[in-house]
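Chemist: Shown below is the structure under consideration.
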Amino acid sequence: MYSRSSEPVRFERDCNAVLVPQGDVVTLPAGTVGYITQALGGSWTVYVEGNLVRIAGQDGDAIGKEPMTPPTLPEGATDADVERLVWEQLRTCFDPEIPVNIVELGLVYLVELYRPDSEQGRGVRVRMTLTAPGCGMGEILVSDVRSKLELIPTVTETDIELVFDPPWNQTMMSDLAKLETGML
């Protein structure tokens, strides 16, 4: 939540935001005042009038922030280069309530590159889960993963599936994630 270290912001324009943890989309009017409580992975969690909202990267200008620089690949990149970049992009996806990326949280169960039948590019298949099956942010996280993977040059198709088997538990977290959340 809001603390003394939270950065105050004023919305410069009307801006769509997602209520955390419900996942409902709301529009915050220009002039709204809030406090950034988390700024990770190119999106921002902002405390506004007793609620937490997530501001997507492409809307950062509404609160005076610059969007992330898109990823790049070297000329003639191999599948290994692309897979490495896929994992880097996944590490820029954060649950808006937890300051740990989805890879370190253990939410990513599968990453697989494939060749789409009708295209020259690459496809990326991801199977991921949530910390809680009823989380209203599930579709928002899936959308975040999809949009960040689609930024990768040569990726022409994504197949992102939210799965709940096996159920996520805290043992799936990396030591870094446990340390960050005070569980280690």
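The values are calculated or read from the model by the stated rules, or taken from the named source; none is laboratory data. Everything quoted here is computed from the prediction, not taken from an experiment. With ideal geometry, Cβ positions are generated from the backbone for all residues, glycine too; neighbour counts draw on all protein chains shown. Heavy atoms of the whole protein, side chains included, go into the accessibility calculation; ligands, DNA and RNA do not. Shrake-Rupley method; radii C 1.70, N 1.55, O 1.52, S 1.80 Å.
Chemist: Return the only residue of Tyr35, Tyr47 being open to solvent by 30 Å² or more (accessible area, probe 1.4 Å), closer than 22 Å to Leu141 by Cβ, touching a Phe, Trp or Tyr at 6+ places or on another chain (Cβ under 6 Å) and part of a strand (DSSP E or B).
Modeler: Going through Tyr35, Tyr47 in turn, just one is open to solvent by 30 Å² or more (accessible area, probe 1.4 Å), closer than 22 Å to Leu141 by Cβ, touching a Phe, Trp or Tyr at 6+ places or on another chain (Cβ under 6 Å) and part of a strand (DSSP E or B): Tyr47.
Chemist: Given the condition hydrophobic (A, V, I, L, M, F, W, C), open to solvent by 60 Å² or more (accessible area, probe 1.4 Å), touching a Phe, Trp or Tyr at 6+ places or on another chain (Cβ under 8 Å) and in a loop (DSSP other than H, G, I, E, B), answer yes or no: does some residue in region 1-9 qualify?
Modeler: yes
Chemist: Among the residues of region 58-106, how many are touching an Asp or Glu at 6+ places or on another chain (Cβ under 8 Å), within 30 Å of Gln120 (Cα to Cα) and of a type in the set (A, V, I, L, M, F, W, C)?
Modeler: 3
Chemist: Give me the pairs, please: first residue somewhere in region 73-94 and within 26 Å of Val53 (Cα to Cα) and of a type in the set (A, V, I, L, M), second residue anywhere and in a helix (DSSP H, G or I) and open to solvent by less than 40 Å² (accessible area, probe 1.4 Å), beta-carbon distance under 7 Å, and either six or more positions apart or on two chains.
Modeler: The qualifying pairs are Leu90/Val145.
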